[in-house]
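Enquirer: Have a look at the structure that comes next, please.
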Amino acid sequence: MLFQPAIIALLLASGLAALMIAASVPFACRVLLRWNLASGSEDQLRLERRTYLVVTLLKIVMAAEAAALVLFVFNADRMASLFTGAMCAVGTLKVDSWGFPALYLKLAVFFLAGMWLVLDAVDNKGWDYPLIRVKYGALLALAPVLVAATLVQAAYFLGLRADVITSCCSTLFSGGGVTVTSNSVAALPHGLALSLLAGSLAVALGAGVLVLWRPRLGWLLALASAAAFFMGMAAIISTISVYVYELPHHHCPFCILKREYGHVGYALYVPLFTATLCGLGSGIAAWAARRPSLAEAGPKTARILAGWSLLGFALFGVISLWLIVRSSLILFEAVP
Amino acid sequence: MKWLNRQRALLDFALSSLRRRLGKTLGLALVYTLVVAVLASVMLFAHALRREAALVLAGTPEVLVQRLVAGRHDLIPADHLDAIRGVRGVKSAEGRLWGYLFDPAAAANYTLMVPTDRTIEPGSAVVGSGVADARGVAPGDLMSFRAHDGKLVQFRIQGVVSKESALVTADLFLVSEGDYRRLFGIPEGRFTDIVVTVRNPREVRTVAEKIDAALPDTRIILRDEILRTYESVFDWREGIVLLLLSAAILAFGIFAWEKASGLSAEERREIGILKAVGWETSDVIRLKAFEGMVVSLGAFLGGYLLAYLHVFHWGAALFEPVLKGWAVLYPDFHLTPFVDELQVATLFFFTVFPYTLANVVPIWRAATVDPDQVMR
Amino acid sequence: MIHLSGVKKAFNQGRANEFWALKGIDLEVPAGKVTVFRGPSGSGKTTLLTMVGCLARPTSGRVRLHDRDISALPERFLTDIRRSTFGFVFQNFNLLKGVTALENVMIPAYPLGGDHGALRKRAQDLLERLEMGPKAHSLAEWLSGGEAQRVAIARALVNDPQVVIADEPTANLDSDRSAQFLDIVAEMKGDGRTVLMTSHDPLVAEAGVVDHVVTMRDGVVVEQR
């Protein structure tokens with residue numbers, strides 16, 4: 001394994017996070033079995049007090065996981081120089097077969113954790129903790145994903161050896177090649193990718209506006225956000241990144257985060273991720289609004305989250321457009 | 001707006017709470033700052049070294065060709081130059097002459113070299129700053145060495161290499177080609193090794209493979225491989241040191257936990273009052289979290305600044321030896337300051353994250369006191 | 001306004017030192033009146049006050065505030081209701097040391113996120129009404145007993161509560177100050193607030209301003225006047 005500080009830090013952070021969540025699992029079971037708000041018994045009071053601890057721990061864990069995701073990608077990019085043939089994060093991740101699974105699991109943890117936090121925030125607005133069982137049930141579902149992410153990440157790091165020859169992004173992301181990820185995505189015709197992106201963004205924005213008017217339609221926004229997320233990622237890989245690099249065959253989604261491209265990657269990813277998360281959250285809030293104690297707070301939260309989602313998607317659309325327009329690369333004959 | 005007001009009010013109160021318990025706060029902050037400073041020093045130092053190495057290597061040729069005899073490095077014949085120049089993609093190929101010269105007077109090894117970028121007068125030498133310091137010589141002085149046949153060869157010091165490049169030039173002893181061959185007894189038509197520059201950086205590997213095929217008695221070393229190895233070594237050393245320091249982090253975590261748990265009677269009373277007058281558990285947790293955040297931020301910034309000064313202004317006096325390696329001739333050099341975002345983020349994970357976690361349970365225990373406690 | 005039915009409260013439940021402070025209370029607290037709770041120590045009057053004032057939840061039984069059942073509310077919402085409905089004056093005043101009188105008064109309102117400037121003014125006005133204006137910036141530990149109590153009262157009133165609860169208010173005061181305190185109570189009643197007090201002091205129980213007296217013993221109500 002590589003004794004790099006960032007790797008040690010990531011292992012430490014993930015390990016602690018997994019430990020915390022594993023420690024919360026027995027508590028979650030107890031809540032599912034014994035929670036009874038109507039009772040004033042000391043057992044119930046103790047359970048209620050404990051929830052504060054668990055939620056605080058989880059908030060910290062989830063914030064750390066979000067930061068760790070960024071650190072993971074950043075570090076993968078940095079480490080590229082240690083591997084022959086690796087030019088950026090993609091090469092580093094391909095060194096070991098656990099690389100990309102680790103990344104995907106971390107992404108999953110990010111979204112699931114974010115959704116759980118929305119669930120918690122909404123639950124706290126109801127005077128009878130209406131979602132408590134749902135929340136802790138969801139925790140039981142989230143725990144294995146987080147533990148899996150920790151283990152896979154560890155497997156990945158343990159498998160890293162500095163001199164292994166790996167493929168760099170141009171092998172992975174050009175039209176030919178035989179690898180699993182993103183190949184078909186990179187080969188997506190540009191016109192199609194952009195129109196699909198525009199379409200999905202329009203649907204998401206429309207859904208967002210609908211939710212502002214009728215919060216009950218939050219589920220629509222959630223679905224639209226998820227779709228827009230995947231379309232957004234596909235568009236970045238197949239087309240937008242090409243415009244940024246001004247090289248028709250460079251499709252890497254990580255290189256746009258680098259200094260030489262002005263870190264524009266962040267300007268794309270941050271709005272996209274935030275918008276998706278808020279959209280999903282809005283769906284959750286709208287679904288929860290069916291409970292009587294959340295009749296007021298649920299729709300309000302759904303609206304607020306929908307607002308942020310709209311902002312995020314709009315920003316993403318604008319920035320993508322700007323990147324395409326300012327680029328010296330011309331992919332479409334008709335564009336002047 | 002309401003949310004913002006609430007955070008501001010809580011933050012204000014957190015600051016005033018810290019001020020009220022200044023002694024305890026400062027004690028914790030001091031330890032915290034030191035922990036950050038030590039870790040940051042290690043990281044800054046290692047990173048600066050890595051960057052220096054990369055910068056230094058950036059100007060070197062992409063490929064090095066050495067001849068191996070029975071697995072050991074031997075002199076390389078000049079006709080290999082023609083074979084190499086014949087490979088497509090090679091921009092230039094030059095033979096290098098260098099070796100090690102042991103100086104009994106200083107009990108040190110010098111790197112004796114024939115420079116390619118200048119000509120040295122026969123009988124003269126240009127020395128590195130480390131050599132000049134070790135032997136106490138200045139331009140105009142004489143230095144003598146025994147050649148391979150026992151005869152004495154004298155050199156007049158023509159100049160001293162500037163201290164700025166001391167990292168790589170401290171132990172240099174530059175002489176003319178004639179003097180070199182005379183000193184070591186190396187005949188014409190033989191070089192120590194051959195350096196090759198390649199036209200297209202993307203083709204370095206292919207060119208290297210062709211040279212390897214053409215000259216089976218050689219080994220090819222790529223600059224990128226050297227760079228990678230250096231990076232690995234520095235990473236590895238840095239990692240080991242950090243792991244050793246993990247004991248310090250653990251101790252710090254325990255210390256933080258103890259401090260946070262050891263609420264004085266006065267603090268307990270305060271929290272009881274807050275809960276009695278209408279603060280919820282989450283408000284108290286938020287208050288304590290703000291206190292922790294302020295301390296963390298202060299310690300992180302202070303520690304990082306301290307580390308920066310330590311490494312870039314005071315020469316990392318505390319652990320130079322471990323990270324640089326062992327040698328008789330220590331180049332005295334100043335590292336170029338470089339702050340790296342990845343490093344800052346990593347440092348954050350090593351320090352603030354464990355501190356925050358260590359505080360959670362004590363804060364929770366303090367905050368979940370019953371509101372009617374003050375009345376009992 | 002506040003109804004208690006069959007309220008029981010236990011401490012250290014399930015353990016060897018289990019103790020039932022309240023053993024079944026049925027009580028109605030009328031709005032806009034001054035009620036005093038009497039009884040020897042250990043009679044449960046302080047615990048009863050915590051039930052009435054939403055400081056704690058009953059182990060069993062129901063508490064209704066304005067016809068809303070609050071016995072099963074989690075701490076978060078109980079606190080919310082308590083903040084806006086009740087103001088507490090504690091027996092030993094419980095002011096924060098090292099903090100000025102003015103700031104002590106403002107503290108209960110911090111989590112509400114209101115405008116800081118307006119809060120400051122409101123706190124200042126309250127202190128002036130209680131003749132503590134000039135001492136607003138003194139640290140709490142420098143105040144005398146009577147002064148501290150007035151700051152405590154101002155603090156209790158900062159969120160404009162409907163009900164003011166005072167626990168043994170005259171225990172640490174001389175007769176003059178006790179009389180002054182009862183004047184303040186009359187003022188609050190005049191403002192339309194409900195006042196609840198516990199007291200050993202016959203001065204308080206017999207005072208003219210008091211409308212009801214509830215006597216307790218061993219966790220049950222023995223007399224209501």
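Computed from the coordinates by the stated procedures, all read-outs in this text should not be read as laboratory data. Note that the structure is a prediction, hence the values are computed from the model and not measured. Heads up, the Cβs are rebuilt from the backbone with ideal geometry, glycines too, and the neighbour counts pull from every protein chain shown.
Enquirer: Under a point-charge model restricted to the Cβ atoms of Lys and Arg (+1) and Asp and Glu (-1), what is the dipole moment magnitude of the range B:61-221 relative to its Cα centre, in debye to the nearest 20? The partial results should precede the final answer.
Expert: Working: 20 positive and 21 negative charges, 46 e Å.
Computed about the Cα centre, the dipole is about 220 debye.
Enquirer: List every residue whose amide H lies under 5 Å from the amide H of B:LEU97, counting only residues 5 or more places away in sequence or on a different chain, with H placed 1.01 Å from N in the peptide plane.
Expert: Residues meeting the amide H criterion: B:VAL114, B:THR192.
Enquirer: Sum up the charges of everything whose Cβ sits under 12 Å from the Cβ of C:THR85, counting Lys and Arg as +1 and Asp and Glu as -1, but leave C:THR85 out. The partial results should precede the final answer.
Expert: Working: positive: C:ARG68, C:ARG82, C:ARG83, C:ARG193; negative: C:ASP80, C:ASP160.
Net local charge, C:THR85 excluded: +2.
Enquirer: Pull up all non-local amide H partners of C:ARG217: gap of 5 or more, or a different chain, and H-to-H distance under 5 Å with H placed in the peptide plane.
Expert: Amide H to amide H, under 5 Å and 5 or more residues apart or across chains, C:ARG217 pairs with C:VAL222.
Enquirer: Can you list which of the chymotrypsin sites (Phe, Trp or Tyr not before Pro) found in the range C:1-110 are DSSP loop residues with at most 16 other C-beta atoms within 10 Å?
Expert: On the way: sites: C:PHE11, C:PHE19, C:TRP20, C:PHE37, C:PHE77, C:PHE86, C:PHE88, C:PHE90, C:PHE93; in loops: C:PHE90, C:PHE93.
Here no chymotrypsin sites (Phe, Trp or Tyr not before Pro) fit, given the DSSP loop and packing criteria.
Enquirer: Dipole magnitude of the protein assembly as shown about its Cα centre, charges +1 at Lys/Arg Cβ and -1 at Asp/Glu Cβ only, in debye to the nearest 20?
Expert: On the way: 90 positive and 82 negative charges, 376 e Å.
So the magnitude is around 1800 debye.
Enquirer: Further, regarding this structure: Calculate, for B:GLU258 and B:ALA58, the FRET efficiency according to 1/(1 + (r/R0)^6) with r their C-beta to C-beta distance and R0 60 Å; round to the nearest 0.05.
Expert: On the way: r = 49 Å, r/R0 = 0.82.
Here the calculated transfer efficiency is 0.75.
Enquirer: To continue, here is another question. Around B:ARG8, with a cut-off of 13 angstrom between Cβ atoms, what is the net charge of the other residues, counting Lys and Arg +1 and Asp and Glu -1? All intermediate terms of the calculation are to be shown ahead of the outcome.
Expert: Numbers: positive: B:LYS2, B:ARG6, B:ARG286; negative: B:ASP12, C:ASP115.
Once positives and negatives cancel, what remains is +1.
Enquirer: For the charge dipole of the protein assembly as shown, defined by +1 on Lys and Arg C-beta atoms and -1 on Asp and Glu C-beta atoms about the Cα centroid, which residue among B:GLY315, B:ASN200, A:PHE100 has the Cα displaced farthest towards the positive pole?
Expert: It is A:PHE100.
Enquirer: Moving on to the next point. Going by how many other beta carbons lie within 10 Å of each one, how would you line up B:GLU267, B:GLU341, fewest first? List each step's numbers first, then the result.
Expert: On the way: B:GLU267 16, B:GLU341 10.
Listing B:GLU267, B:GLU341 from fewest to most nearby Cβ atoms yields B:GLU341, B:GLU267.
Enquirer: Taking 51 Å as R0, compute the FRET efficiency from the Cβ-Cβ separation of C:HIS116 and A:TRP35 and round it to 0.05.
Expert: 0.85
Enquirer: Dipole of the range A:176-336 (Lys/Arg Cβ +1, Asp/Glu Cβ -1, origin at the Cα centre): which of A:LEU201, A:HIS263, A:SER241 lies farthest to the positive side?
Expert: Positive-most Cα among the choices belongs to A:LEU201.
Enquirer: Report the relative contact order of the range A:190-241, percent, no decimals, based on alpha-carbon pairs under 8 angstrom and at least 6 residues apart. Show your work: numbers first, answer last.
Expert: Working: 34 pairs, mean separation 26.9, N = 52.
For the range A:190-241, the relative contact order is 52 percent.
Enquirer: With Cβ to Cβ distances under 12 Å as the rule, what net charge do the other residues near B:VAL153 carry (K, R +1; D, E -1)? Please report the intermediate quantities before stating the final value.
Expert: Numbers: positive: B:ARG146, B:LYS151, B:ARG156, B:ARG181, B:ARG182; negative: B:ASP149, B:ASP179.
So the environment of B:VAL153 carries a net charge of +3.
Enquirer: Which shape class applies to the protein assembly as shown: rounded if a/c is under 1.5, otherwise prolate when a/b exceeds b/c and oblate if not, where a ≥ b ≥ c are the square roots of the Cα gyration tensor eigenvalues?
Expert: Details: a/c = 3.32, a/b = 2.05, b/c = 1.62.
Verdict is prolate for the protein assembly as shown.
Enquirer: Return the lysines within reach of C:LYS9: Cα separation strictly under 21 angstrom, same-chain partners fewer than 8 residues apart disregarded; answer none if there are no such residues.
Expert: B:LYS275, C:LYS23, C:LYS45
Enquirer: Size of the dipole of the range A:1-142 about the Cα centre, Lys and Arg at +1 and Asp and Glu at -1 on the beta carbon, nothing else charged, in debye to 20?
Expert: On the way: 12 positive and 9 negative charges, 19 e Å.
Using only the charged Cβ atoms, the result is roughly 100 debye.
Enquirer: Further, regarding this structure: What's the longest piece of chain A with no exposed GluC sites (Glu not before Pro), counting a site as exposed if DSSP puts it in a loop and it has at most 12 other beta carbons within 10 Å?
Expert: Details: sites that count: A:GLU246, A:GLU296, A:GLU333.
Between the exposed loop sites, the longest stretch runs A:1-245.
Enquirer: Here is a follow-up. Is the shape of chain A rounded, prolate or oblate, going by the alpha carbon gyration tensor and its root eigenvalues a ≥ b ≥ c, with a/c under 1.5 for rounded and a/b larger than b/c for prolate?
Expert: Oblate, since a/c reaches 1.5 and b/c is not below a/b.
Enquirer: Using the Kirkwood radius over C-alpha pairs as Rh, can you work out the diffusion coefficient of the range B:2-138 via Stokes-Einstein at 20 °C, viscosity 1.002 mPa s, in µm² per second? It would help to have the intermediate numbers written out before the result.
Expert: On the way: Rh = 22.3 Å.
After rounding, the answer is 96 µm²/s.
Enquirer: Let me ask you something else. Taking a cut-off of 24 Å between Cα atoms, list the lysines near B:LYS210, but don't count ones fewer than 8 places away on the same chain.
Expert: The reachable lysines, counting only those whose Cα sits under 24 Å from B:LYS210, are B:LYS91.
Enquirer: Another question, if that's okay. For the range C:51-194, rounded, prolate or oblate, judged on the Cα gyration tensor with a ≥ b ≥ c (square roots of eigenvalues), a/c < 1.5 rounded, else prolate if a/b > b/c?
Expert: In terms of gyration-tensor shape, prolate.
Enquirer: Can you put B:LEU75, B:LEU39 in order, fewest other beta carbons within 10 Å first? Write out the running numbers ahead of the final one.
Expert: Numbers: B:LEU75 18, B:LEU39 24.
Taking fewest neighbouring Cβ atoms as first place, the list is B:LEU75, B:LEU39.
Enquirer: Could I ask something else about it? Test of understanding: ordering B:HIS313, C:HIS212, A:HIS250 by Cβ neighbours within 10 Å, fewest first, what list do you get? Don't jump to the answer; show the numbers that get you there.
Expert: Numbers: B:HIS313 10, C:HIS212 15, A:HIS250 19.
By the 10 Å Cβ count, ascending, the order reads B:HIS313, C:HIS212, A:HIS250.
Enquirer: Sequence gap at least 6, Cα distance under 8 Å: using those rules, report the relative contact order of the range A:1-167 to the nearest whole percent.
Expert: Working: 172 pairs, mean separation 59.4, N = 167.
Reported relative contact order: 36 percent.
Enquirer: May I ask you to evaluate 6.51 cos²θ - 1.76 cosθ + 1.60, the Karplus curve with θ = phi - 60°, for each residue of the range B:294-307 and list the ³J(HN,Hα) values in order in whole Hz, giving x for glycine and proline?
Expert: 4, 4, 4, 4, x, 5, 5, 5, x, x, 5, 4, 4, 4
Enquirer: Compute the acute angle (0 to 90°) between the alpha-carbon long axis of helix C:175-190 and the principal axis of greatest extent of the alpha-carbon atoms of chain C; round to the nearest 10°.
Expert: 80 degrees
Enquirer: Helices from chain A with mean Kyte-Doolittle at least 1.6 and a Cα length along the axis of 15 Å or more, per DSSP H: which? Each step should come with its number before you reach the end.
Expert: Numbers: long enough: A:5-34 (44 Å, 1.86); A:42-79 (54 Å, 0.61); A:99-123 (36 Å, 1.50); A:132-158 (38 Å, 1.57); A:190-213 (35 Å, 1.86); A:218-235 (25 Å, 1.72); A:264-288 (36 Å, 1.34); A:297-326 (43 Å, 1.24).
What comes out of the filter, once short or polar helices are dropped, is A:5-34, A:190-213, A:218-235.
Enquirer: Of the lysine pairs in chain A, how many meet both conditions: Cα atoms under 25 Å apart, and a spacing of 8 or more in sequence or different chains?
Expert: For chain A, qualifying lysine pairs total 11.
Enquirer: Same structure, new question: How about the range C:143-210: which GluC sites (Glu not before Pro) there lie in a loop by DSSP and see at most 10 other Cβ atoms within 10 Å? Don't jump to the answer; show the numbers that get you there.
Expert: Details: sites: C:GLU147, C:GLU187, C:GLU206; in loops: C:GLU206.
Of the GluC sites (Glu not before Pro), the ones in loops of the range C:143-210 whose Cβ has at most 10 other Cβ atoms within 10 Å are C:GLU206.
Enquirer: Among A:ALA289, A:LEU188, A:LEU223, flag the residue with its Cα farthest along the positive direction of the charge dipole of the range A:183-336, charges on Cβ as +1 for Lys/Arg and -1 for Asp/Glu.
Expert: It is A:ALA289.
Enquirer: Would you list which aspartates and glutamates come within 17 Å of C:LYS121, measuring only between C-alpha atoms, while excluding same-chain residues fewer than 8 positions from it?
Expert: Hits, sequence-local ones excluded: C:GLU103, C:GLU131, C:ASP160.
Enquirer: Can you give the calculated 222 nm mean residue ellipticity of chain B, where each DSSP H run of n ≥ 4 adds -39,500 (n - 2.57) and the sum is split over every residue, rounded to the nearest 500 deg cm²/dmol? Show your work: numbers first, answer last.
Expert: Numbers: 12 runs with 208 residues, N = 376.
Result for chain B, helices only: -18500 deg cm²/dmol.
Enquirer: At a threshold of 8 angstrom on Cα-Cα distance, excluding pairs fewer than six apart, so keeping six or more, what relative contact order does the range A:176-336 reach in percent?
Expert: On the way: 224 pairs, mean separation 46.1, N = 161.
Computed over the range A:176-336, the figure is 29 percent.
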